[in-house]
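The values are calculated or read from the model by the stated rules, or taken from the named source; none is laboratory data. All values derive from a computational prediction rather than experimental measurement. Cβ placement follows ideal geometry from the backbone for every residue including glycine, while neighbour counts extend to all protein chains displayed. In case anyone asks, the SASA skips ligands and DNA or RNA and just uses the protein heavy atoms, side chains included. Shrake-Rupley method; radii C 1.70, N 1.55, O 1.52, S 1.80 Å.
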Amino acid sequence: MADDQADIRDALRLLLKREGYETQGVASPAEALSAIESREFDAALMDLNYTRDTTSGQEGLDLLTRIQMLDSTLPVIVMTAWSSIEVAVEAMRRGARDFIQKPWENNRLLAILRTQIDLRQALRQASRLAMAPVLELIGQIGPSDANVLITGEHGTGKEVVARTLHALSGRATKPMVTVNAGGLSEGVFESELFGHVKGAFTDARADRVGRFELADGSTLFLDEIANVPLNLQAKLLRVLETGDLERVGSSATRRVNVRVLAATNADVNAEAAAGRFRQDLLFRLNTIEIHIPPLRDRKEDVDLLAHHFLHGYAQRYRKNISGFDPAAIKALHEHAWPGNVRELDHAVERGVLLSPGPSVRAADLGLRAQAAGGPAKLEEMSLDEVERYLIQRTLSRHEGNVSQAAKALGLSRSAMYRRLQKHGLE
């Protein structure tokens, strides 16, 4: 927070502290630049006028330019009085993300900060995937209202992409609503997505708002979309086509304005060709497709991601660990990563927890059961490792189709999803 008035800094500090934010207040552009050079921030909230003059905003504009040179990704929100709106517009042209008028409304200030911080964090996560073409496409279509189909194997970061698209959109001031569409049984599908009225069925003791209504004016993320049963896809198609829905047990039509982001690990085009997924629904979902390649096809990302995860977990668990020993690096490079980024995340967390010294060892990572280039040795595996290995092999055999893999394993779809979550494979 950069403002030359101490009472303004104090008011902002108290407001943001109640929301759980850690803040640093500075009184001048020079102090602001020094703070940004010395530590990393999620957002900068700055006044446009300081002691050199009080009306032109030139000091603030100069500060904004310097901040952009130091860190072009840092979200900057400028504060201005009604009389200097033109200066705020110029600040936006120079790269500020938003502006707040003094005296500010607490709810608006907090909403803007929350949106920009979420965007900053989402872009950081996405950029760590080191996939320039994917990131470029996200940047192009994020601000639009286009429906997007996100494809990729389990654990590749599909939800990270969805959150980034939402954060870039004009709907970002409202939270994104997420639902595992493929994990809903037929009995609760309509109620979960469209809501119900009291008395609609035996356990309907009160009215319930569905996910589409919750996402009105915002974004709805439908995960595992390819696993929605065929007979329920028509109900989903109607609301995507018209924006109209009825709660279960009601004849009153409600209209919603929702941007839909859908994700699947299955080959949804093959599912449509085989008659297991409606082609017209696919057209509605697939205005743009973003495909995230598996980690085994971008081995250059393994080191980058592994060290990022290690740094985070070393801080979380307060362990003095600085890296991986040579055998651990070799194990990371040779592993096939069937669980992709999520599996790598979990392996590094395990390594940090188990490492007794300053470096994570190969044995700490627990990768032997799925090492690339050789068969798994069941006699060396724990019961949990056997279950995880079997689930991975079955998913691979059925090309990532959760429903077919669950059937092959003799599990219900909900039981399969519980095991996927347990093993970090969902």
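Between Glu19 and Ala274, the FRET efficiency from the beta-carbon distance, with R0 = 45 Å, is close to 0.35.
Residues within the reach of a label modelled at Ala132 (point 7 angstrom out along Cα to beta-carbon, backbone nitrogen below 15 Å), restricted to the range 288-328, are 300-301. Modelled this way, with points 7 Å down the Cα-to-C-beta line, the labels at Lys198 and His291 are 5.2 nm from one another. The label-point distance for Glu37 and Glu105, in a model that sets each label 7 Å from Cα toward Cβ, rounds to 3.9 nm.
At the residue level, Leu353 shows approximately 90 square angstrom of accessible surface with a 1.4 angstrom probe and all protein chains present.
Considering the range 209-311 at the alpha-carbon level, its Rg and Dmax are found to be 17.6, 56 Å.
At a temperature of 4 °C and a viscosity of 1.567 mPa s, determine how fast the range 78-229 diffuses translationally according to Stokes-Einstein, using the Kirkwood radius over alpha-carbon pairs as Rh; express D in µm²/s, rounded to the nearest whole number. All intermediate terms of the calculation are to be shown ahead of the outcome.
Working: Rh = 18.0 Å.
Using the Kirkwood radius from Cα pairs, D works out to 72 µm²/s.
Here the range 319-352 is scanned for amide nitrogen atoms under 18 Å from the site 7 Å beyond the Cα of Arg393 along Cα-to-Cβ, giving 336-339. Here the calculated FRET efficiency for Leu409 and Ser28, from their Cβ-Cβ distance with R0 = 41 Å, stands at 0.05, rounded to the nearest 0.05. You can think of it this way: the chain between Asn320 and Arg350 has 9.3 nm of extra reach, that is 0.36 nm per residue less the Cα-Cα gap. The modelled label-to-label distance between Ala327 and Lys422, using points 7 Å beyond Cα along the C-beta direction, is 3.0 nm.
One entry in (i) 0.96; (ii) 0.99; (iii) 1.02 is Rg/Rh (Cα atoms, Kirkwood Rh) calculated from the shown coordinates; its label is (iii). Pairs of Cα atoms nearer than 8 Å and 6+ residues apart set the relative contact order; for the range 1-102 it is 23 percent. Under the combined filter of DSSP loop state and at most 14 neighbouring Cβ atoms within 10 Å, the range 273-370 retains these trypsin sites (Lys or Arg not before Pro): Lys299, Arg318. With R₀ set to 30 Å, the beta-carbon distance separating Asp303 from Ser382 gives a calculated FRET efficiency near 0.60. Looking at Leu109, Val89, Leu220, which one has the Cα that reaches farthest to the positive end of the dipole of the chain (charges on Cβ: Lys, Arg +1; Asp, Glu -1)? My answer, from the dipole projection, is Leu220.
Using heavy atoms of the protein chains and a probe of 1.4 Å, the accessible area assigned to His346 is about 80 Å². In this structure Arg94 has an accessible area near 80 Å², from a 1.4 Å probe over the protein heavy atoms. Summarising the amide proton neighbourhood of Ile100: residues at separation of 5 or more, or on other chains, whose placed amide H is nearer than 5 Å comprise Val78, Met79, Thr80.
Averaged per residue, the chain has 48 square angstrom of accessible surface, using a 1.4 angstrom probe with ligands and nucleic acids left out.
Taking other residues whose beta carbon is less than 13 angstrom from the beta carbon of Gly187, and scoring Lys, Arg as +1 and Asp, Glu as -1, yields -3. Working from Cα pairs under 8 Å separated by at least six residues, relative contact order for the chain is 12 percent.
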